[in-house]
Amino acid sequence: MGQLRSLWTALFPPKNDRPGYAMICEKVRALEGQFKAVHVGTQAFAKAAGLKCPRGCGACCAGTSVEATELEMLPLAVSLVEDGEAEIWYNLAEQRAFRGGCVFYKPGRKTGEGSCAQYAYRPLVCRLFGYSGNPDKDGKIRFSACTRLRQEQASCIAQANEGIAAGRLNIPVMTQEVMKLTGIDAGLARDLIPINMAFKRAVERVWLSQGRFACNRST
Ligand code: SF4
């Protein structure tokens, strides 16, 4: 009986024991560690610099140019698959042909009411977008503010750049964070693609690793 059970488990491992899925979970744990550190870094920077995204703005989420890698969408994909909600979001994204603004953005009825439906699992790009820096042509780190912040909080931005240059302010650096992504999985971090497409690929990868996707498609 014991042998039969071992054979059965080897042939049909419980979904969380499937090797592909276990590898995905390992990457998700590494990503969550990175995401948490980035969150702490961006919040500390914004507070020290006196910067704040305009409430409910969502301009970066609703625009058609938001791009992500498949890798950074994995935590969200795993969370939705495990909660049984992936198919709903996948179908919503499919209705848009996986193009356009981010499918997770909820614009709200009035200006200033926009929000992210999956804020806790949002990808790296969303965590970095408002409050991160990049090296300029001389290799000095500069705050990469969005258009709206540049228009509305210009003096804070100038002070933030002074603080960064003087070493008084720390800011997460986009290029360094991308390198960390590459360290987690260079292949899945290589292509920057429209966010809905990156979500699609991540969900399909999770489904495949659980042996579900092929099953769904064959019926
Ligand atoms: S995942 Fe959330 S924060 Fe990121 S673009 Fe979509 S709605 Fe915006």
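Each value in this text was obtained by applying a stated rule to the coordinates, not by laboratory testing. Note that the structure is predicted; figures quoted are calculated from it, not measured. Quick reminder, even Gly has a Cβ in these numbers, built from the backbone with ideal geometry, and neighbours come from all protein chains shown.
So if each residue of separation counts as 0.36 nm, and I subtract the Cα-Cα distance between residue 23 and residue 82, what length gain in nm does that give?
19.7 nm
Kindly express, to the nearest 10 degrees and within the range 0 to 90, the angle between helix 154-166's C-alpha long axis and the longest C-alpha principal axis of the chain.
The angle comes out near 80 degrees.
Treat every Asp and Glu Cβ in the stretch 18-213 as -1 and every Lys and Arg Cβ as +1, leave all other atoms uncharged, and give the resulting dipole magnitude about the Cα centre to the nearest 20 debye.
460
What nm value, rounded to one decimal, do you get for the distance between residue 36 and residue 191 when each label is placed 7 Å out toward the C-beta?
Between residue 36 and residue 191, the label points sit 3.2 nm apart.
In nm, give the distance between the simple-model label positions of residue 52 and residue 117, each being 7 Å from the Cα along the Cα-to-Cβ direction.
Going from the residue 52 label point to the residue 117 one covers 2.8 nm.
Could you give the length gained by full extension between residue 147 and residue 179, i.e. 0.36 nm per residue of separation minus their alpha carbon distance, to one decimal place?
Numbers: separation 32, 0.36 × 32 = 11.52 nm, distance 2.54 nm.
So the chain would gain 9.0 nm between residue 147 and residue 179.
Using the count of nearby Cβ atoms within 10 Å as a rough guide to exposure, how do 106, 47 rank from fewest to most?
Neighbour counts put them in this order, fewest first: 47, 106.
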